[in-house]
1. Give the distance, in whole Å, between the Cα centre of region 197-221 and the Cα centre of region 89-153.
2. What is the Rg over Rh value, at two decimals, for region 99-181, using alpha-carbon atoms and the Kirkwood definition of Rh?
3. For region 264-333, what is the convex hull volume of the alpha-carbon atoms per residue, in Å³?
4. Evaluate the charge dipole of region 38-134 about its Cα centre and quote only its size in Debye, nearest 20, assuming +1 on the Cβ of each Lys and Arg and -1 on the Cβ of each Asp and Glu.
5. Report, in debye and to the nearest 20, how large the dipole of the chain comes out about its Cα centre when Lys and Arg carry +1 and Asp and Glu carry -1 on their Cβ.
6. If contacts are Cα pairs under 8 angstrom and at least 6 residues apart, what is the relative contact order of the chain in percent?
7. Equivalent-ellipsoid semi-axes (√(5λ), Cα gyration tensor) for the chain, whole Å, largest first?
8. Pop out the ³J(HN,Hα) list for region 143-159 in order, Karplus 6.51 cos²θ - 1.76 cosθ + 1.60 with θ = phi - 60°, rounded to Hz; leave Gly and Pro as x.
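A short reminder: the numbers here are calculations on the coordinates, not readings from a lab. Here the structure is a predicted model, which is why all the values come from computation and not from measurement. Every residue, glycine among them, receives a Cβ derived from its backbone with ideal geometry; neighbour counts consider all protein chains shown.
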Amino acid sequence: MKRRDFIINSALAIGGTALLAGCGKKELIMSENQVVRRKYKDIEVPLLGLGCMRLPMKNDEIDMQELEKMVEYCMQHGANYFDTAYMYVEGKSENAIGKVLKNYKREDFLLADKSPIYKMRTREDVRKVFNEQLEKCQVEYFDFYMAHNINKNTFDTYKNVEMYDELVKLKKEGKIKYMGFSFHGTPEILREVVKDRKWDFAQLQINYLDWDVVKAHEQYDIVQAQGIPVTVMEPLRGGGLVNLSDKALAKLKENYPDTTPAAFGLRWAASRNNVVTVLSGMSNLQQVKENIQTFIDFKPMDEKENALALEIAKIIQSQGEINCTACKYCTEVCPRGINIPAIFSLYNQYKVSKNKMLFTIYYETLADEEKADKCIKCNLCNKNCPQNLSIPELLAKIEKEYEEIKAG
């Protein structure tokens, strides 16, 4: 949908107000201030999308009144991309966003959903669940649809049920406009996913904290080399880049006193050349308003800002329970190739966010040989650590906590 067509379809009138035509459809007052859009194939996509994994909650249920206000504000400002999934909000996200979006003309919003690989046993299951999702979202097609969360634990199932081939068939039937995948795995698996396969887009975890330490840059380069555009998830690392430590926040304010951590993180992700849209899991109307403002007057980051982001990342990595600066001196001597800085960074962020699910997902993006349980306690890393950390003991502690979380 081109920007001009979007405004025309919304019947934008002089003075910035309009009514959505159509029987039973919600009255929509369009704002003159629209978020920036990027060209993607034959349409234009807003650079900011609403991720529906962290919807507003009230008494352990989705707060539908608040969600309606959030969606309306997004629609008014052209942020008309909504991303949901089968398991989001304990399986309630699709129903909720579908109930709200049915009030708008179908051509005026872009809806993304994902095929839950963990539920699949046969190829027939792919279509069965897909039809269930269409019904829950109250639509006849998905604009963007993904094989969800491909990683080492789901990759074999993805192949065995021939998910790619079934999604291609659904696309040919017009039920999927653009076909992609979301990914939480190693670069090695990613290379297999894109090899000899035609994908319209890939959804990757891209933020300035993970860029170097957790190989987000390498994953980004892999899909870019294949000409696959990227939709960004976790641009703020599950909120970890919003609630900066005092030292990290001071560094940001010293250079850019008028910016917020959220705006800085979102702009960093959106400034990557191959990015189509950045998804933010907004939980209330105030967050929606603040993030949309960032993308109304969006300016890509310059070299100074990019350099500052990496400085702040190093500060974050050195904060928390483990004072690791990600100097990588330990990895230079580790005979097992354990990715010690990445493990410490993930653990520190987990201790700040308290989000066990994200910690396990991120930890499992590491290759098996890079994980803490491969430590043989040779202590060569300790001799090389300028922070005098007892690295083998810390790795054992993290591995134990990870196993306890997995055990439930």
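1. Between the Cα centres of region 197-221 and region 89-153 lies a distance of 23 Å.
2. That ratio equals 0.98.
3. 144
4. Computed about the Cα centre, the dipole is about 360 debye.
5. Details: 58 positive and 58 negative charges, 77 e Å.
Here the size comes out at about 380 debye.
6. On the way: 685 pairs, mean separation 56.0, N = 408.
Over the chain, the number comes to 14 percent.
7. On the way: eigenvalues 272, 132, 69 Å².
Three semi-axes, in Å: 37, 26, 19.
8. Result, rounded to whole Hz: 5, 10, 9, 10, 6, 8, 6, 6, 7, 5, 7, 10, 4, 5, 5, 3, 6.
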